[in-house]
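For reference, the structure is listed below as structure tokens.
The values are calculated or read from the model by the stated rules, or taken from the named source; none is laboratory data. Owing to the predicted nature of the structure, the values given are computational and were not obtained by experimental measurement. Using ideal geometry, Cβ is built from the backbone for each residue, glycine included, and neighbour counts are taken over all protein chains shown. We work out accessible area using only protein heavy atoms, side chains counted, and drop any ligands, DNA or RNA first. Shrake-Rupley method; radii C 1.70, N 1.55, O 1.52, S 1.80 Å.
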Amino acid sequence: MGFNPFSEKGTPLSKQTKTWSDLNVNPYDHYTVEPYTRTRCILMNGIEVEASFFYHNFHRHTSNQEIRQELAQIRRIEQQEQKMINWLIPSHQSTLELTIAYEQLAVDLTAAMAKSEPDPYVKAALDFGLLEDFDHLYRYANLLSLTDELKAEAIVKDLTEITPGRPTVLEHVHPIDTVRNHYNREKASAITKLHVETIIAAEQQTMNFYMTVGNRFENKIGRSLYQEIAQIEEQHVTHYGSLSDPGASWLEMAVLHEYNECYMYWSCMQSETNQSVKGIWEQCLENEISHLHKVSDLMKKYENTDPSEKFPSAFPEPLVLSPAKDYVREIISSQMHFTGDQTRFVPMKQAESKERFENYQDQVNMGLYIASQKVVQNAIDAHGQDYRVETEGENPVSIAQRRNKVPNRKSLTEFCLNQ
């Protein structure tokens, strides 16, 4: 029998408050941690940050005092969970090293969801974002090769390749070309809703992270690269956030948030190899089951709806992080030349937004250099070639195969327009 959080008891809310020493957990060992343990910690921190932001916004948009008080209790525990999970990340891990892990998570999480997503449009949205985050990993890895003896392969191991995706310089599009169609909450499958909830939380966390740490880098090219990629993360949060059905009530959204938290902690438990970290996933799952019951009771009381009837009798298959090299290569070879065209993802030559795209590109890419291009050129100048980890052979796209010269924006655009 599968796992149904509506049928589980969970830990009573009154017993969930932890002491300061409980929250100040021992961080994982930076040198020996399994990469997907590291990325799961990043992911679940993002899930909890999203929960906190959501409940603060819900609190500000209701005058019902009972609901406000119940949300305050849930939100306090969500905040404790976030601190406990975020404190698993060791302080001696540099910002750039952690950034490499953030982008490894973005690649393998997005690929895992895209491979199992039943909605063709949501899958297309995931594939589109995947290629951009994949390229970010490549750019940051080249920055690391210039600033640290540690190489990105020591962080990602042999789980995730590092090679160009859709070039970051071409990812910058006019804002209206980042707004997508939303799913229909009455017709969408549970797994589609969970995928959208999860990717919003993950990309929002990355956006927030770069907004906060980007100006802390020690040299100008690093600061510039964080600034440029942070703008793409803003695009991604718009891109993924617009997939969610805005017609849901606040309580309906709260139930989905809690159901997704239960699903994600349960999923993390299935593949976690670090027993100490796995124990935290188990604790948090028990807490989230009670949170789910609490918001479900509020929905029954105030909307006369039993939310358990809107979900399957058991969780879908767990969302497990694993290598997705073949899948990523398939999407690179078939979609590297795609662009956003209002709600569509199309080959650049078919886009009705070509003029708008070119005008926006000219605006943002003016100046002495483009950081995402310059950082790779600097790596070539320093080492004779760019930094890559290509375990499955050379890049599947011809223009991205040369390692001793960075293709400029004009040649990249022309290449995409001819595909």
Got at least one residue in region 211-234 being at positive phi and at pLDDT 95 or above? no
Under 7 Å between Cβ atoms, at least 6 apart or on separate chains: pull out the pairs that start in region 380-402 with a residue that is over 17 Å from I331 (Cβ atoms) and end on any residue that is surrounded by fewer than 16 Cβ atoms within 10 Å (Cβ to Cβ) and among the polar types (S, T, N, Q). I380/N404; G384/N404; Q385/N404
In region 279-291, which residue that is aliphatic (A, V, I, L, M) and within 23 Å of the chain's Cα centre (by Cα) is surrounded by the fewest Cβ atoms within 10 Å (Cβ to Cβ)? I280
Just checking, how many residues over region 357-378 are within 27 Å of the chain's Cα centre (by Cα) and either part of a helix (DSSP H, G or I) or within 18 Å of L146 (Cβ to Cβ) (or both)? 11
Considering region 399-413 alone, what residues qualify as being open to solvent by less than 90 Å² (accessible area, probe 1.4 Å), closer than 14 Å to N378 by Cα and of a type in the set (K, R)? R403
Which residue is modelled with the lowest pLDDT, if the candidates are limited to region 327-354 and must be of a type in the set (D, E) and open to solvent by 30 Å² or more (accessible area, probe 1.4 Å)? E352
In region 27-36, which residues are more than 17 Å from T198 (Cα to Cα) and either surrounded by 19 or more Cβ atoms within 10 Å (Cβ to Cβ) or among the aliphatic types (A, V, I, L, M) (or both)? Y28, V33, P35
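Residues are listed down the side, and each one gets a yes or a no for (1) closer than 19 Å to V237 by Cα; (2) touching an Asp or Glu at 6+ places or on another chain (Cβ under 8 Å); (3) surrounded by fewer than 14 Cβ atoms within 10 Å (Cβ to Cβ); (4) of a type in the set (S, T, Y):
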site: T19; (1), (2), (3), (4): no, no, yes, yes
site: L23; (1), (2), (3), (4): no, no, no, no
site: Y55; (1), (2), (3), (4): yes, yes, no, yes
site: N64; (1), (2), (3), (4): no, no, yes, no
site: L71; (1), (2), (3), (4): no, no, no, no
site: R76; (1), (2), (3), (4): no, no, no, no
site: K83; (1), (2), (3), (4): no, no, no, no
site: A112; (1), (2), (3), (4): yes, no, no, no
Residue list for region 294-326, filter: part of a helix (DSSP H, G or I) and open to solvent by 50 Å² or more (accessible area, probe 1.4 Å): K294, D297, K300, K301, Y302, E303, E309, K310, D326
Buried (at least 22 other Cβ atoms within 10 Å of the Cβ), under 15 Å from the mean Cα position of the chain (by Cα) and acidic (D, E), is that true of E258? no
List pairs: first residue in region 253-273 and closer than 19 Å to R185 by Cα, second residue at pLDDT below 95 and open to solvent by less than 10 Å² (accessible area, probe 1.4 Å) anywhere in the structure, Cβ distance under 6 angstrom, at least six positions apart or on different chains. none
One residue is enough: does region 22-42 have a residue meeting the conditions in contact (Cβ under 8 Å) with a residue 60 or more places away in the chain, farther than 16 Å from N208 by Cβ and among the basic types (K, R)? yes
All helices (runs of 4 or more DSSP H) inside region 1-114 with 2 or more residues being among the β-branched types (V, I, T) and farther than 30 Å from E161 by Cβ: 65-86
Kindly indicate whether V406 is in contact with a Leu (Cβ under 6 Å, 6 or more places away or on another chain), of a type outside the set (S, T, N, Q) and over 27 Å from Y121 (Cα atoms). no
Single residue of S249, S224 found to be within 21 Å of I100 (Cα to Cα), of a type in the set (S, T, Y) and in contact (Cβ under 8 Å) with a residue 24 or more places away in the chain: S224
